[in-house]
Amino acid sequence: RPTPFLQAGKIPAESLDSFLSACAAIVRPTEPDLLEYFQHAIALWHAALFLRAACPSRPLDIVRTESLRELGHPTMLRVLRRSYGLLVSMAPIISHAETVFSAGSGVPHCGPAAPICVSPWLRLFAYAAVGAGANSALLRRGVRVRSLPPVVAEEEWLLLTDWSGESNTIATSAALLSLNELLLHSPVLVQAYRPQPAHLLHVPFPVAAADVDADLPGCASAAAVVAALGLRRAFGFVLLLRREGIWVPLDIHLGLPLFDAGLCKHVCAAAEREGLFSDASARQMADETGQLFHRLVAFAARHAPQGQDGVGSGWQDGAAGAAAAAQPPPMPTRDLVFDGRALSAMDEAAA
């Protein structure tokens, strides 16, 4: 919920002490429906303390993304370029409409540079790069399905993600109607899913080599995803799904998680361990996220080739490039399936 501190659109550096004192005084609620807000407040408190300590020469503002987006994209980029030397997003991004995309600002950003970086293309790109991931089908907007894709039809639960980035968990037995309703307006990524906590694992990155060597649960899989995406100087977490006794990637998020205070602490510790807040690391992170952007654009273009230009025509190249990078991700022009090992067109997978 918005706090009085955020009603003006941001908590400026000069008000941060008052905000942190207020967060520290919050008492854990007894009402279950308030526990989520408590977790967010404590995670934000820890994140703010960490970021201020990690960047002692830079004042820290906490800014509502809605306030920035209300400025309009060109004005927002000018504000970011003039006022900030480093941007850190909260994670995960719930909706594209609540996200600040930084491509064109010239400011290093541990978060999504452009809409394509939080689209289903990112998940499929990561799965294809490591040869492992949740069984998935990406269906074009407007198709009508009479049965679920075979690659997910035997699952008990499914995760449906539309093109706005919003996901819904649904029992497979009830999924067909919901899927067809979503497909009227948007492509949909349909994925095998298990909502039970025992089948989901959040692994913070950078992943310590010692944790991989010690074969800690999920660390090798998470490290492989981060390496495949070329994110050596970024931080965040990988969401893994347990299938047939092994952990496979489900999603990856850049930035600091605020939904879980413990996970937020672990991500902060990983970033601190690797010294990711030096000027050199920030510049390298900007290069890595830029390269990932271009790789995603090329990957999507292979599956959305006809006349969908704009996205990817520029990267930090002034107003024209920024406007292009902010375009919605290209929609698929054919149905795709990932069978746990490789990505292919659905008709090829069925052959």
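The values are calculated or read from the model by the stated rules, or taken from the named source; none is laboratory data. From a predicted model like this one, the values you see are computed outputs, not experimental measurements. No Cβ is skipped: glycine too gets one built from the backbone with ideal geometry, and neighbour counts run over all protein chains shown. Calculation scope for accessible area: heavy atoms of the full protein, side chains included, ligands and nucleic acids excluded. Shrake-Rupley method; radii C 1.70, N 1.55, O 1.52, S 1.80 Å.
A few remarks follow.
- Close Cβ contacts (under 8 Å, 6 or more residues apart or on different chains) running from residues in the range 41-57 that are assigned to a loop (DSSP other than H, G, I, E, B) to residues that are among the hydrophobic types (A, V, I, L, M, F, W, C) and open to solvent by 30 Å² or more (accessible area, probe 1.4 Å) comprise C55/L86.
- Residue in the range 239-272 that is nearest to the chain's Cα centre (by Cα), counting only those that are assigned to a strand (DSSP E or B) and either over 30 Å from D339 (Cα atoms) or among the aromatic types (F, W, Y) (or both): L256
- Options A223, A269, A304, A234; residue that is modelled with pLDDT of 95 or more, of a type in the set (A, V, I, L, M, F, W, C) and open to solvent by less than 10 Å² (accessible area, probe 1.4 Å): A234
- Scanning the range 58-74 for residues that are outside any loop (DSSP other than H, G, I, E, B), of a type outside the set (V, I, T) and either open to solvent by 40 Å² or more (accessible area, probe 1.4 Å) or in contact with a Pro (Cβ under 9 Å, 6 or more places away or on another chain) (or both) yields a total of 4.
- Restricting the search to strands (runs of 3 or more DSSP E) fully inside the range 107-178 and requiring at least 3 residues that are of a type outside the set (D, E, K, R) and open to solvent by less than 20 Å² (accessible area, probe 1.4 Å) gives 136-139, 157-162.
- Condition broken by G290, with the remaining ones in (1) part of a helix (DSSP H, G or I); (2) at pLDDT 95 or above; (3) of a type outside the set (S, T, Y) satisfied: (2)
- Within the range 1-28, residues that are open to solvent by less than 70 Å² (accessible area, probe 1.4 Å) sit with their Cβ atoms under 6 Å from residues that are outside any loop (DSSP other than H, G, I, E, B) and modelled with pLDDT under 85, at 6+ positions apart or across chains, in these pairs: I11/F5; F19/F5.
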